[in-house]
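Where a number appears in this text, it was derived from the coordinates with a stated rule and is not lab data. Predicted model only: the values in this text are computed from it and were never measured. In this analysis, Cβ positions are derived from the backbone assuming ideal geometry, glycine residues included, and neighbour counts consider all displayed protein chains.
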Amino acid sequence: MVFGCILLLEVFQKLSAHLRASRQRQLDRAAAGVEPDDMRRQEALATVRLKMQEELSAQVERHKEKL
């Protein structure tokens, strides 16, 4: 009886550790898959902001020339 409880406890601990490791790997894969998309989106936004800033600067220069 005691031996059976000890064996059951060992199996439970091994399964718990395996499931935690499996879940962590799954989360790591999911995070790795999302991150590049976010980085591309941020780079695209930065590019658009820079372009808009250059256009605004050009408009300001044209406005200064008119004055």
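Length gained on full extension, Leu15 to Asp38, computed as 0.36 nm times the residue gap minus the Cα-Cα distance: 4.8 nm. Cα-based values for the chain, radius of gyration first and Dmax second, are 28.9, 97 Å. Counting only alpha carbon atoms, the long axis of helix 2-66 and the longest principal axis of the chain meet at about 0°. Charge tally for Ala46 (other residues, Cβ to Cβ under 14 Å; Lys, Arg +1; Asp, Glu -1): +1. Note on Gln53/Ala30: beta-carbon distance plugged into 1/(1 + (r/R0)^6) with R0 of 30 Å gives a FRET efficiency of 0.30.
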